[in-house]
Amino acid sequence: MIWVIPVLAIAALLLMGAVYRRKLRRFSHILEEFQRDGTLPEQSLRDTVESKLESQLIGALRRVSLQEERARQEKNEVARLLSDLSHQLKTPLANIVMNTEILKNGGLQSEKQTEFLLRNEEQAKKMQWLMKNLVKASRLEQGVISFACESAPLHETLARSISGIYAQARSRAIKIDTEDFPPVFPVHSPNWTAEAIGNILENAVKYSPEGSTIRIRVNKLEMYVKIEITDSGPGVPKSEYNCIFQRFYRGKNTSDMEGSGLGLYLAQLIARNEKGYITVGENPQGRGSCFAFFLPLL
Amino acid sequence: MEILKTVELKKYYGRGEAMVKALDGVSMSVQQGEFAAVVGSSGSGKSTLLHMLGGLDYPTEGQVFVDGREIFKLDETQLAIFRRRNIGFVFQNYNLVPVLNVYENIVLPVELDGEKPDRDYIEEVMQTLGIGEKRRSLPNQLSGGQQQRVAIARALAAKPAILLADEPTGNLDSRASQEVLGLLRLTGERYSQTIVMITHNEELAQLCDRIVRIEDGKIRGGGGR
């Protein structure tokens with residue numbers, strides 16, 4: 001009867017092999033399904049090693065598909081931005097063509113002529129401005145996946161964005177006052193950051209009353225450097241805090257101002273690409289808004 | 001893709017005259033990868049809602065679907081397993097174990113689950129959250145902001161698909177709050193998570209993709225499709 005033992009042992013081994021093959025088949029089935037059409041099954045919720053592994057596999061695959069989805073969305077967003085902007089160029093261009101046609105036909109009093117010329121100038125400026133943003137957006141498209149960031153001196157970046165807005169501020173007698181701060185080296189892209197801060201400053205200059213002061217304050221926090229830009233413009237209502245960084249969003253009481261609803265959107269997009277972020281709040285000293293730009297320290 | 005959904009969710013406490021309707025027919029939906037804020041004053045029912053989303057408390061009526069699965073149809077063991085594998089929690093009071101150091105606190109839930117922690121991953125999470133240098137410190141040697149960052153790392157340790165945060169900055173000053181929130185957003189993006197955060201502070205909610213407003217147990221805006 002001694003032969004029974006090896007036979008039983010072999011039978012047991014074969015059985016175990018069959019069981020494991022079935023379990024492995026389940027895993028390969030999950031992978032096949034996912035590769036075919038991206039679908040994932042329900043997790044089996046048993047307290048076994050296989051079930052846990054299966055949950056982990058499903059979790060990892062889900063992350064992969066979400067990342068793909070996000071990259072696609074980001075690309076689409078910029079592509080849409082580009083097409084929207086080019087579309088917006090059509091209106092002023094059509095106006096210019098029409099005005100020029102009228103002027104060419106002649107027979108207008110000189111007063112009227114001047115009016116049409118001024119209108120043309122206005123439309124041309126609008127186009128110029130749109131073109132500038134179009135260029136920005138297309139540059140962003142090239143770099144949107146990620147641009148290189150490194151530890152760099154904030155003083156220089158900040159100086160660059162201030163000098164970009166200096167003339168505009170001067171023409172409205174607005175002072176830009178930067179509080180002294182010790183050298184600090186956040187991880188960022190100086191070019192892009194200067195552009196993003198420039199956009200915030202541009203808004204501040206545009207909305208601030210003539211002769212007022214825009215204050216810039218830099219604070220080193222534990223994980224981030226915080227750059228605060230405070231103006232004394234009309235401020236942003238609390239209910240719009242969540243909206244103003246959205247593409248083409250224009251504040252409810254800004255309709256009389258020129259603007260595209262792009263500056264803050266681009267600024268936030270840049271900040272996020274740098275693993276930082278921008279928030280808005282009230283000017284603690286009274287009327288106006290306070291934008292805070294957070295850049296990571298490591 | 002939708003990852004969280006509630007259908008006519010109700011939670012009543014007491015009965016008759018003394019009945020309190022903490023949630024009174026809440027239907028909302030959260031997309032995968034979204035960072036959603038649920039904003040409401042205290043007593044609005046927002047914490048009750050979060051507890052139901054995480055399967056920590058049973059509703060009086062209505063359903064909660066997580067990843068297409070109706071969680072209150074699961075038996076208790078299955079629900080516990082489901083929660084452990086898919087959902088991470090961050091609370092206002094950090095809930096760190098005082099006698100364990102930072103690293104031990106972070107890997108505790110993974111170890112309790114009988115798993116070996118993924119050291120490289122935990123290391124990276126600690127670096128991202130700026131607590132890498134504090135790994136041997138005890139919780140009481142840390143600032144509030146640091147403690148909450150440890151709590152976030154602990155919630156991330158098991159790589160959950162969903163992170164539920166209940167007033168994560170409730171005990172922090174505004175400076176630390178902004179940092180914690182920025183990091184929450186960053187880790188959500190980096191580790192492809194869906195985050196639902198409860199807060200009463202509108203200003204903090206601006207970092208979120210969407211704001212769901214809740215008042216007297218009912219959604220007042222932003223409930224999603």
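Only the coordinates and a few stated rules stand behind these numbers; no lab work does. No experiment lies behind these values; they were computed from the predicted model shown. Cβ: placed from backbone, ideal geometry, glycine included. Neighbour counts: every protein chain shown.
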Item to complete: Within 10 Å of each Cβ in peptide A:42-52, how many partner chain Cβ atoms are there on average? Round it to a whole number, please.
Response: 4
Item to complete: Using only Cα positions of chain B, each an equal point scatterer, no hydration layer, compute I(q)/I(0) via Debye at q = 0.08, 0.15 Å⁻¹ and quote the log10 values to two decimals.
Response: -0.28, -0.98
Fill in: Anisotropy class of segment A:86-143 from Cα gyration tensor, a/c 1.5 cut
prolate
Worksheet entry | Förster radius 22 Å - calculated FRET efficiency between B:Arg190 and A:Ser151, Cβ distance, rounded to 0.05 | 0.70
Item to complete: Return B:Met197, A:Met16 ranked ascending by Cβ neighbour count within 10 Å, so the fewest neighbours appear first.
Response: A:Met16, B:Met197
Practice prompt. Write out the GluC sites (Glu not before Pro) in segment A:178-217 meeting two conditions: DSSP loop, and at most 15 other Cβ atoms within 10 Å of their Cβ.
Written response: A:Glu179, A:Glu210
Worksheet entry | Footprinting exposure proxy for B:Ile195, A:Ile102, A:Ile227 (fewest neighbouring C-beta atoms within 10 Å first) | A:Ile102, B:Ile195, A:Ile227
Worksheet item: Within chain B, what percent of beta bridges assigned by DSSP are antiparallel, to the nearest 5?
Response: 50 percent
Item to complete: Could you check the simple spin-label distance between B:Ser137 and B:Arg119, using points 7 Å along Cα→Cβ, in nm with one decimal?
Response: 2.3 nm
Item to complete: Sum up the lysine pairs in chain B that clear both bars: alpha-carbon distance under 27 Å and a spacing of 8 or more or different chains.
Response: 24
Worksheet item: Per residue of B:73-83, what is the mean number of Cβ atoms on other protein chains within 10 angstrom of that residue's Cβ?
Response: 2
Response to the item:
Relative contact order as a percentage, chain A, C-alpha pairs under 8 Å and 6+ apart, gives 13 percent
Discussion item. Just to check, using Stokes-Einstein with a Kirkwood Rh over alpha carbon pairs, what's the diffusion coefficient of segment A:150-296 at 20 °C and 1.002 mPa s in µm²/s?
Written reply: 141 µm²/s
Response to the item:
Per-residue average of other protein chain Cβ atoms inside 10 Å, peptide B:30-36 -> 2
Worksheet item: What are the residues whose amide H is under 5 Å from the amide H of B:Thr60, where those residues sit 5 or more places off or on another chain and H is modelled from the backbone?
Response: B:Lys10, B:Lys11, B:Tyr12
Worksheet entry | Debye log10 I(q)/I(0) for segment A:166-228, one point scatterer per Cα, at q = 0.14, 0.20, 0.30 Å⁻¹ | -0.47, -0.86, -1.30
Fill in: Non-local Lys pairs in segment A:33-134, i.e. 8 or more apart or on different chains, that have alpha carbons under 30 Å apart
15
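Suppose we keep just the DSSP beta bridges with both residues in chain A; what percent of those would be antiparallel, to 5?
That works out to approximately 85 percent antiparallel.
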Discussion item. Run the reach check for A:Lys175 against aspartates and glutamates, Cα to Cα strictly under 17 Å, same-chain hits fewer than 8 apart removed. What comes back?
Written reply: A:Glu202, A:Glu210, A:Glu228, A:Asp231
Worksheet item: For chain A, modelled as a GNM with alpha-carbon contacts under 10 angstrom, which of A:Leu221, A:Leu31, A:Leu82 fluctuates the most?
Response: A:Leu31
Fill in: the protein assembly as shown - Debye-derived log10 I(q)/I(0), Cα point model, q = 0.08 Å⁻¹
-0.63
